[in-house]
Every structure is written in structure tokens, then in C-alpha cells.
Amino acid sequence: MQAVTLTDRGQVRTYNEDSTNAIQNNLGEYLVIVADGMGGHRAGDIASSMAVECLQTNWQKEKASFRPGRAEAWLLHTIKEANETILSYSNDNPEYAGMGTTLVAAICTEDFITIGHVGDSRAYLIQDGEFNQKTSDHSLVNELVKNGQLSAEEAEDHPRKHVLLRALGTDDKVKVDIHTFEWTQNEAALFCTDGLTNKLSDETLKEIMSSGTSLQEKATTLITLANEAGGEDNITVAVIENSMSSGSES
């Protein structure tokens, strides 16, 4: 497998509150993480970096290979630990009260990919030429769409589009969505913050992810296009391919 992560401040924001990493273990398995912090005044970047650090620290302790059940349990436990860590820090530091972060993280092996998700950062898989979103945004607007109160078109420009129903670090208990999918050689995954998906259509994402360019070029192109479309938010992408090649390009 190969993985690339890339993050950009965008064209408007003073700080980059996104964090990302892709870490390969000695068995060739990857942990891929994307987090979009919130809270302002540098609190968001602290929350997102704490989430990434918590997961990667626990990942580096792992020695045994993963199976789907263990991968799901590991992500659930570790994401909840990250939630507790962020919440405790904000409680101990009043200037960071209310900070939090989205999170999408995945354990990627040659046979399967297990995704853990909180918030509106997303995971997509490209398999057999099909490009599909595998996470459902934990946002007010998405809930209104699912309930039939808004159309997908109305949701695109809704004034409360950024209101989250779930995030890490904002509540004692956090509900984490965990799903496992089979995948095979030459299939790929994209993880990203809403700074990308608010600017580029699924059709554009599919076109870039299906191109024959390298993972680094795909990640760079996605961020460039989001910036060209306005870049009002931080933009973060992580791409991974289930290929015969080993090592990370990130």
C-alpha cells in the first residue's frame, strides 16, 4: 500500500486547524487520520492535533496484525480515548473551552478497510470504477436531508451547513460510526475535510481519483482545485491505494 497526506491553510483562514497523518506499521498496515479542528484562537488546531497524536501513539504500540473485529474495537476505543483527552484539556484550560474536532480514521490492510468517523470529514472508496462516500455527515443539514426536510440542492448553500451534531472533545460521551469494507488491489480511498468537499463535486473527486497520476499528484490537484474555487476553509486530503508497492509517499 501507498499513502499520501496533504493539508493547506487555504486562501482565507489565518491558521490551519486541520491535522492529518498516515502511519504504516511493520506489517505494512496503515492508520490514516484526518481531523478538522474548531474553536478558533488556535484552539481548533490543538484539538485536531491532539486527536491525531492520540491515535498515532496508540498505533505505534501495536505489534499484532489486525482483523476486522479487532480493527473496529481498536478504533472505537482509541477515538473515545481521544475524545476524553481533548475534553479534559479544554476543561483544564478555560481559554480553550468549547474546542473540538471532527475525525475520520481508517485501519487499512490488504484485505479490508475499517473506518471510524465523527463529524463531517469524509471517507470515499473507489472500487470497480465506482466512487462512493462511505461516511454520513453528522451535521444538522444532513439530518434535515435524511428526514426529507431539505433537498440535497438546498443543503448545498444552507446557512447552517457547518453546524455539527457530533464532534470530538465537546461531550463526555461520543457516538462513533464504525464500518468495515472489503477492498482489493488497485482500489483506493480518499479521506478529506469539508474544505475540499464544499468546493468540489463528487464527479470532480472521482475524476481526479480515477486519473493515472501518482497519489502525490492527486492530492496536490485536489487541494489546488479547492483553492481555485475560493479556498475559504482549510483543506486536507489523505489518499491511500491498495497496491503491491510498499512505503509511504507522504
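With a 1.4 Å probe and all protein chains in place, put LYS61, LYS199 in order of accessible area, largest first. Walk me through the numbers on the way to the answer.
Working: LYS61 135, LYS199 70 Å².
Descending order: LYS61, LYS199.
State in Å² the accessible area per residue of the chain; use a 1.4 Å probe, count heavy atoms of protein chains only, and round to the nearest integer.
On the way: 11400 Å² over 250 residues.
Using a 1.4 Å probe on heavy atoms only, each residue of the chain averages 46 Å².
With the full set of protein chains in place, find how many percent of the accessible area of segment 83-188 is carbon and sulfur; take the probe as 1.4 Å.
Numbers: 2220 of 5380 Å².
Of the solvent-accessible surface of segment 83-188, carbon and sulfur hold 41 percent.
Over all directions, average the projected area of the Cα convex hull of segment 12-64 and note it in nm². Provide the component values of the computation, followed by the final result.
On the way: hull surface 15.3 nm².
Projected area, direction-averaged: 3.8 nm².
Would you count, across segment 138-222, every pair of lysines whose alpha carbons are under 17 angstrom apart, provided the pair is eight or more residues apart or spans two chains? Don't jump to the answer; show the numbers that get you there.
Working: LYS146/LYS161; LYS161/LYS199; LYS199/LYS218; LYS206/LYS218.
Step by step, the pairs that qualify in segment 138-222 add up to 4.
Rounded, prolate or oblate for segment 78-195? Axes are the square roots of the Cα gyration tensor eigenvalues, ordered a ≥ b ≥ c, and the cut-off for rounded is a/c under 1.5. Intermediate values should be presented prior to the final figure.
Numbers: a/c = 2.58, a/b = 1.25, b/c = 2.07.
Cα axes put segment 78-195 in the oblate bin.
How much accessible surface does SER151 have with a 1.4 Å probe, in Å² rounded to 10?
40 Å²
When all alpha-carbon pairs of the chain are counted, what percent fall beyond 35 Å? Spell out each step's value before the answer.
On the way: 2611 of 31125 pairs.
Roughly 8 percent, rounded to a whole number.
Using helices alone, I'd like the mean residue ellipticity at 222 nm for the chain: each DSSP H run of four-plus residues gives -39500 (n - 2.57), total over residue count, nearest 500. Display every interim value, and only then the final one.
On the way: 7 runs with 81 residues, N = 250.
Calculated mean residue ellipticity at 222 nm is -10000 deg cm²/dmol.
The values are calculated or read from the model by the stated rules, or taken from the named source; none is laboratory data. Fair warning: this is a prediction, and the values are worked out from it, not measured in the lab. In case anyone asks, the SASA skips ligands and DNA or RNA and just uses the protein heavy atoms, side chains included. Shrake-Rupley method; radii C 1.70, N 1.55, O 1.52, S 1.80 Å.
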